[in-house]
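These notes concern the structure reproduced below.
The values are calculated or read from the model by the stated rules, or taken from the named source; none is laboratory data. Keep in mind that this is a model prediction, so the values were computed, not measured. Note: ideal-geometry Cβ built from the backbone for every residue, glycine included; neighbour counts use all protein chains shown. Each accessible area value is taken on the protein alone, full model and side chains, heavy atoms only, with ligands, DNA and RNA left out. Shrake-Rupley method; radii C 1.70, N 1.55, O 1.52, S 1.80 Å.
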Amino acid sequence: MASALSGAGRSYRHDSLAATPDKCTLGRVEVKEVCHEYLSPTDKTPVAALGPVSLQVSAGEFLCLLGPSGCGKSTLLMIIAGLFNPTAGTVVVDGVAVTGPSRERGVVFQDYALLPWKTVRSNVALGPRLAGASRREANQVADEFLELVGMPQAGDRYPHELSGGMRQRAAVARTLAAKPKVLLMDEPFAAVDAQTRGVLQEELIGIWARTAQTVVFVTHSVEEAALLADRVVVMSTGPGRVQEEFPVTLPHEDRFSRESATRVAEVAASLLASVRTAQPRRPRRGGSWSG
Amino acid sequence: MVGLGTASLPRASTGSSRYAQLFGRAGSVVKLVLPFVFVLAIWQASALAFGLSNYLYPRPALVLRTFGVLVAHGILLSYTETSMWRWFVGVGVGTAVAIPVALAFSFYRPLARMMFPLINFFTAIVELAWIPLFVLWFGYGFKVIVLSIGYVTFFPVLANTMSGIGQIPKVSVQAAQTLGANRLQVALHVLLPGSLPGTVTGVRTGAGYGFRSLIGAEMIAAQSGLGYMIFESRANQLTQRTVAGMITIGVLWLLVDRLYLRSIERATVERWGLVRKAR
Ligand SMILES: Nc1ncnc2c1ncn2[C@@H]1O[C@H](COP(=O)(O)OP(=O)(O)OP(=O)(O)O)[C@@H](O)[C@H]1O
Ligand SMILES: [Mg+2]
């Protein structure tokens, strides 16, 4: 699907970003019978939060995870990242079992996780720095990605001086700048305004089309899932499991156009119906689908 | 841990009174000086009231003249320099040892748990108790004094750096790891800067302890410095020099804390928005 986009004729503002890694066939993620239990903070008894969940994400696929709040989406993402050890089951990436975090699997954390003692530029430059780039090179890459997320002027500021939406965009830029094989994004656009979100969604698809990174993208918005995903996995709660999967067959290069809005909306509607059954009790919080 | 100097300085900028606004800088200077003028007045009044001799209870005027003499002879400046250098090196040594230990402890929690009783044990042994042994090992002078200052600086820096590390959100470490950081890089990019609010508090506290330790150590183990002057002057019937030395110490600490330690904090911790609300 990535090759279908390369001739799509959309222009990207950031030519030097073409220097992102070559399209590769790496980044295949297999989640095998993964369960996770948290110890309850009060009496230290285990509480099942997730699973068993089995999932396969092929290399270069854009997978969206949808599901009610608390169904374990973030937990699953952390397990794929290697930040939590699952209570049971394994995650295998390109045939190798995940045992810990690695630069191959980049994470956009739900609460941003910017380092407060680094400027926004240094935060974004951290990935390239750790990969051995010189300070100059790393800062240059950082500035490119900051421009990409629409905040070229914020490089010298500290995270606490930014709005929530700007922090989130900086976090996205930081993860992208590290150029991981697998992108794990936890509601990365939840805090940004609708206008900016639209731009960021399109930029993300643009980058993804060029780099063929594997993406696992958590969202609460069925609209967003319909716009971005090759495949949507709807999870149900208590403990989190896979409820249903939806392949989205619309060509990516068409989805942002006005003409295909109705078709995207149809996909969103069927996702919505599935999410509704995944959430038995009260309705979802208002406005979260307004996308 | 409560720092020696941390609570003692009135901070003009935080004053909620209209005073500071009305008089600006002049107002804040007044607020700084006023309590000292008050003490000075009590000192003078009590000297007059009890009619004690200048040897037993040196008057402000005599002490002021003594300052003149000490400055004219170059004694004050040279002793101050000597003492401050010892203090500076001592605090530096204590801090330089404490930070890596704190990092090691936070990487190897079992080691930390194992070592805590030992650390506690040594914290209890006042550095003055070590000085006889230090003198035996290193002779009189610089090394002994630096060692005892380093000794008292070490513990608060260690404890506060550890607690600073403990307050770093886990997700900060995780973010660095997913960007490719190994242990050393996590320490460098996350633990060290993230624990800085704690470390700064620890250094301020330790510097205060060290400052007191400096005078104590100089009384026993030095032939120069402010502590030496304070101690020896009494034996030479020059109590006014003792008092002059005491005042010098206090003023030095005020200056150091305000100009130096505060500005470290401002340049780092406050800029990053990391200041703890509790303080
Ligand atoms: N550190 C923790 N300790 C105990 N329980 C936890 C912890 N973190 C999460 N949980 C529980 O695990 C479940 C899954 O949490 P998770 O954060 O993965 O949900 P989520 O699907 O990401 O929700 P949201 O959409 O609100 O972000 C929740 O019921 C939550 O209460
Ligand atoms: Mg979540």
Restricting attention to region A:65-96, report how many residues are of a type in the set (A, V, I, L, M), open to solvent by 10 Å² or more (accessible area, probe 1.4 Å) and either within 12 Å of ligand 1 (Cβ to nearest atom) or in contact with a strand residue (DSSP E or B) (Cβ under 7 Å, 6 or more places away or on another chain) (or both). 5
Checked against (1) within 16 Å of ligand 2 (Cβ to nearest atom); (2) at pLDDT below 90; (3) β-branched (Val, Ile, Thr), A:Ile79 satisfies every condition except (2)
Sole exception among (1) within 14 Å of chain A (Cβ to nearest Cβ); (2) open to solvent by 70 Å² or more (accessible area, probe 1.4 Å) for B:Gly194, by number: (2)
For region A:19-33, what are the residues that are farther than 15 Å from A:Val96 by Cα and at pLDDT 85 or above? A:Glu33
Considering B:Met246, B:Met219, which residue is assigned by TED's automatic domain parsing to the domain that holds B:Leu128, surrounded by fewer than 18 Cβ atoms within 10 Å (Cβ to Cβ) and either assigned to a helix (DSSP H, G or I) or free of Cβ contacts under 8 Å to residues at least 12 places away in the same chain (or both)? B:Met246
With a cut-off of at least 1 residues that are within 30 Å of A:Pro128 (Cβ to Cβ), name the helices (runs of 4 or more DSSP H) lying wholly within region B:99-204. B:142-166, B:170-178, B:183-186
When residues of region A:237-274 are filtered for being within 19 Å of the chain's Cα centre (by Cα) and open to solvent by less than 30 Å² (accessible area, probe 1.4 Å), how many remain? 6
Every pair of residues 6+ apart whose Cβ atoms lie under 6 Å, when the first sits in region A:23-45 and is within 11 Å of ligand 1 (Cβ to nearest atom) while the second is modelled with pLDDT of 90 or more: A:His36/A:Thr75; A:His36/A:Pro86; A:His36/A:Thr87; A:Glu37/A:Thr87
Working only within region A:222-266, note down all residues that are of a type in the set (Gly, Ala, Ser) and under 24 Å from A:Gly51 (Cα atoms). A:Ala225, A:Ala229, A:Ser236, A:Gly238, A:Gly240
With respect to A:Val92, is the statement that it is within 16 Å of ligand 2 (Cβ to nearest atom) and in contact with a Lys or Arg (Cβ under 7 Å, 6 or more places away or on another chain) true? no
Show the residue pairs meeting these rules: Cβ distance below 6 Å; 6+ apart or different chains; first residue within region A:175-194 and among the hydroxyl-bearing types (Ser, Thr, Tyr); second residue away from ligand 2 (no atom under 14 Å from the Cβ). A:Thr175/A:Gly106
